[in-house]
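These notes are about the structure you will find just below.
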């Protein structure tokens, strides 16, 4: 038998067929680019009366090889050469010598017809491989630069966990490749059993998976199997007692990402993009409170803590973690927004020293993280959906107690911070003793105070719009108080939109400046759009500033915000003298000619 040459020939031939079909229109039934669950019940039903296929006695020894290979089409921002498919799957190749010539031909034909899906499998497999290499590189670094007595106690255990995951993904990759070749499922299970007979470490796991494929009408069991596998993957960064999690802070990558998180997210992407879990199951990951909290912290660490955006998902770099995030729905985005705002308020509050000066601070922050109403009110479960409709009624008495309590605490905290601005006048007198240091401290405190106020109004607005309309009416006593509160909210939300636009535009601008040639051109249209939105947000905010003169109380409140008032005083000259706008315009004009 010449199994290696046969396999090489088979994969090269299949890849050549892919090139021929590369320009065909992608199937419109898969708008999200995600495959339907593998071996779904309708496929399995016909197998209940099917005998297990027999291997032929005399398989073919050679298959014609095309003379030339060309590159695969560009997908997203990833460029894969034609040979990547061959090389990637050859590393984990199945022994296909038991297949007949007709079965070989069928595989080639069906792989060619599933070009996009084979490419998707290759790309997601390569992403996992790269993340595995980075994790192993970190393990090697820790091993080489620490003496034996200092070796991390979880190093050996964590390496074993990674090795087991490599083996499991290898099985799934092979399973998916053969399924794309539309090989009979029972033949597939025979091939994998033969190929993996020596993988004793995951023998039971493989056998369980193959038994599910062989059994008819097993969708519930299939989903349960992969829910368990997802929990295993998430546990690497969520479970405190998982050996792998202990490396989260000790690993250091050149691009400032955390390799343990990248490793987990690439595995989730692999399962979703290749049909092992469906969209509903993928989205359900974001209804795991602990996972989302940790994900928000990771994203904030990697993308940088910004004061304006209400959610980490609003950052232009969000999809770089996992392009499957584009398939998240409104409910999933709400959960991300909730925990993003909680983290931002926590961070700014600690920077202001509220953990030392405000007695209720610890209780408020603990409640925001521990309360479950955000998960319950965004659940896809029918019981919780009915509850959501009740909450969104106009009767505040129906709102969950925890939600009302959090809302009241945030309003109270804002009033505390808002009333404390008079202290700034006392701080300013300290500038005479050490003028520069005192001025910097005052400026930083004022800025953090303003951004915290804006974040609290973002949180209030988020709850009101999505879950608790009219709740503010329970907390204000007079129409005048309501009018003032609504003005403050409108004003601070406008400020936060402008701040977010400035931060995101500036960071994306610097990102593009570090690129070259065509890569800059592709990002320019996005940068121009961001610049236009920035001007719109500035104009909106400036109009609110000018209207402050119409009401004495509003003007008094507005001028007490030193950061905002300083901005207002210079607003007429703002656009003409601030070099940021001029430099940004120069960059866009210059780069447009690239």
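For an R0 of 60 angstrom, estimate the FRET efficiency from the Cβ-Cβ distance between residue 182 and residue 543 and round to the nearest 0.05.
Computed FRET efficiency for residue 182 and residue 543: 0.45.
How much length would be gained if the chain were fully extended between residue 506 and residue 362, taking 0.36 nm per residue of separation minus their Cα-Cα distance, in nm to one decimal?
Between residue 506 and residue 362, full extension yields an extra 48.4 nm.
Mind ranking 500-508, 236-244 by how tightly packed they are, going by the mean number of other C-beta atoms within 10 angstrom, highest first? It would help to have the intermediate numbers written out before the result.
Working: 500-508: 18.9, 236-244: 16.6.
Highest to lowest by the protection proxy: 500-508, 236-244.
For each of 281, 481, count neighbouring Cβ atoms within 10 Å of the residue's Cβ, then give the residues from fewest to most. If you can, show how the numbers build up before the last one.
Values: 281 16, 481 12.
Placing the least packed residue first, the sequence is 481, 281.
Along the Cα→Cβ direction, 7 angstrom out, place labels at residue 221 and residue 129. What is the inter-label distance in nm?
So the two model labels end up 3.3 nm from each other.
Taking R0 as 41 Å, what's the FRET efficiency between residue 551 and residue 290 from their Cβ-Cβ distance, rounded to 0.05? List each step's numbers first, then the result.
Numbers: r = 46 Å, r/R0 = 1.11.
Efficiency, from the Cβ-Cβ distance: 0.35.
Once R0 is set to 35 Å, what does the formula 1/(1 + (r/R0)^6) return for the Cβ-Cβ distance between residue 350 and residue 154, expressed as a FRET efficiency to the nearest 0.05?
On the way: r = 29 Å, r/R0 = 0.84.
Between residue 350 and residue 154 the formula returns 0.75.
Using the basic label-point model (7 angstrom from Cα toward the beta carbon), what is the residue 194 to residue 320 distance in nanometres?
Result for the modelled spin labels: 4.6 nm.
Where a ≥ b ≥ c are the square roots of the eigenvalues of the C-alpha gyration tensor, would you call the stretch 161-208 rounded, which needs a/c under 1.5, or, failing that, prolate if a/b is larger than b/c, or oblate? List each step's numbers first, then the result.
Working: a/c = 2.72, a/b = 1.60, b/c = 1.71.
Verdict is oblate for the stretch 161-208.
Please order 266, 366 by the number of other Cβ within 10 Å, starting at the fewest. Can you show the working numbers first?
Numbers: 266 22, 366 10.
Lowest count first: 366, 266.
Suppose the chain between residue 474 and residue 167 were pulled fully straight at 0.36 nm per residue; how much longer would it get relative to their current alpha carbon spacing?
Details: separation 307, 0.36 × 307 = 110.52 nm, distance 5.76 nm.
Gain on extension, residue 474 to residue 167, equals 104.8 nm.
Could you put 563, 135 in order, starting from the residue whose Cβ has the fewest other Cβ atoms within 10 Å?
Numbers: 563 16, 135 22.
With the sparsest Cβ surroundings first, the list reads 563, 135.
Return the whole-Å distance between the Cα centroid of the stretch 254-322 and the Cα centroid of the stretch 113-139.
Cα centroid to Cα centroid, the span is 17 Å.
Coordinate-derived values only; no laboratory data. Quick caveat: nothing in here was measured; it's all calculated off a predicted structure. All Cβ positions, glycine included, derive from the backbone under ideal geometry; neighbour counts span all protein chains shown.
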